[in-house]
1. Pick out, from Thr30, Phe47, Thr90, the residue whose Cα sits farthest towards the positive end of the charge dipole of the stretch 1-93, with +1 on the Cβ of Lys and Arg and -1 on the Cβ of Asp and Glu.
2. Quick one: pull the percentage of alpha-carbon pairs in the stretch 184-403 with a separation above 26 Å.
3. Using alpha carbon centroids, what distance separates the stretch 240-303 and the stretch 4-45, in Å?
4. If I stretch the segment between Arg154 and Leu320 completely, what's the gain in nm (0.36 nm per residue apart, minus their alpha carbon distance), one decimal?
5. Run the simple label-point estimate for Leu111 and Glu405 please: 7 Å along Cα→C-beta, distance reported in nm.
6. Leaving ligands, DNA and RNA out of it, work out the accessible area of Ser333 with a 1.4 Å probe and give it in Å² to the nearest 10.
7. Please figure out what share of the DSSP beta bridges in the chain is antiparallel and state it in percent, rounded to the nearest 5.
8. Once the Cβ-Cβ distance between His289 and Ser333 is put in as r, and R0 is 35 Å, what FRET efficiency do you end up with, to the nearest 0.05?
Amino acid sequence: MNPLQGKRIVLGVSGSIAAYKAADLASKLTQAGALVDVILSEGAERFITPLTFASLTGRKTHTSLWEDDAHVLHVGLGEGADLLVIAPCTAHTLAKLAQGQADNLLTLTALAARCPVLVAPAMDGGMFEHPATQANLETLRRRGVQILGPAQGRMASGLVGLGRMLEPAEILGHIRLTLGRAGPLAGKHVVVSAGGTQEPLDPVRYLTNRSSGKQGFALAQAALDLGARVSLVVGATAAALPTPIGAERTDVETAAQMAEAVLRLCQEADVLIMAAAVADFRPRQVRAHKIKKERETPPPLELEPTTDILLAVAEARRRLGRPAVVVGFAAESEQLLANAQDKLERKNLSMIVANDISAPDAGFAVDTNRVLLLLPGGVVEPLPLMTKGEVAAAVLARVVRLLVEGAGS
Ligand code: CTP
């Protein structure tokens, strides 16, 4: 499912101090299952050695145009690649790419490549903003080259500005997005909700739950990996989670805000996956001022129900005919199957992902999950203990099948 698995990626590194970060990128790509061929420019070799990359990728690092087999190498590397990424890309290499110059193995390979090309500029001071650089970037963009970043921040000279290379994790996200684009969910819009909700009592206190948001974020990434357009509606998460590159994120706090965002997005969605832990009740009254302990006896906590988002979606779906596929989650501490089955039917779902939150290795906060997939007609598919990423991939594989079969509900 990981779109990097088995893919041939050419990583071009040019002469910037950010070259040290390219080592991390090479490592991350290799760990994700890609076959990474690294080409260093002469300038890059002053900052980092070929051995660094050969050690990280397990493959030969290429440097010179005048290697024994270089006459076929540039064509071979370029033509055989699924993707070419140049990170860091200096202002000079950028200019050469814009002009179609081919004076070293890296620029020659770029000229021969027919695959998607991603470029992560890294440069100092005013170089990025210079009209010459901007014109070169525009030329490359027009030719379909994707420009990643640069980011704002502190640069090697000590100056702060626009010119830092994007972090390797972000570059990896862009590569993943590009390679997944033609997947089976291409052209489909998937809405994912993640995290818990917060229901305010007064300006400083709220009621919430233990959702970490990790499963929802993993589902968003898995949908992106299959080429979907992804809207991620995020409530409260235990820690700040990086937004999967390519996901359109909406942040909400309360169940009412989550309902509004999900219902709005669902009007144009093909798939909804409700992984969020939505509060079922909220304080009937939200105090305008902080509740003071000295002035008052313990205040009664009166609650009222929130909107059941999946029930509201089922209602809208009868009118609009979309989303075609709606997936719910059932976090249960007892009678897992019976409760999940009941929710599947009551909320008119295409599938429900049931997990036993009483198990120590599944559910909230941990990185693994053990779930059952329940489908209409009494179909129950137990999945083994998996990482949340693997669970997400398994759920999305099922979603693809449901879309293909047209078995929306
Ligand atoms: N859900 C929802 N709106 C709510 C509460 C839950 O859409 N107000 C969704 C959750 O996102 C999940 C599914 O309904 O996909 C089941 O949530 P869960 O909390 O397990 O079930 P509830 O319907 O709230 O029932 P209970 O709390 O009694 O188990």
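1. The listed residue farthest towards the positive side: Thr30.
2. When every Cα pair of the stretch 184-403 is considered, 34 percent fall beyond 26 Å.
3. 42
4. 54.8 nm is the gain from fully extending Arg154 to Leu320.
5. 5.4
6. The accessible area comes out at roughly 80 Å².
7. Counting only bridges with both partners in the chain, antiparallel ones make up about 30 percent.
8. 0.45
The values are calculated or read from the model by the stated rules, or taken from the named source; none is laboratory data. Keep in mind that what you see is a predicted model, and the values were worked out from it rather than measured. A quick note on method: Cβ atoms are made from the backbone with ideal geometry, for glycine too, and the neighbour counts reach across all protein chains shown. Only protein heavy atoms, including side chains, enter the accessible area calculation; ligands, DNA and RNA are left aside. Shrake-Rupley method; radii C 1.70, N 1.55, O 1.52, S 1.80 Å.
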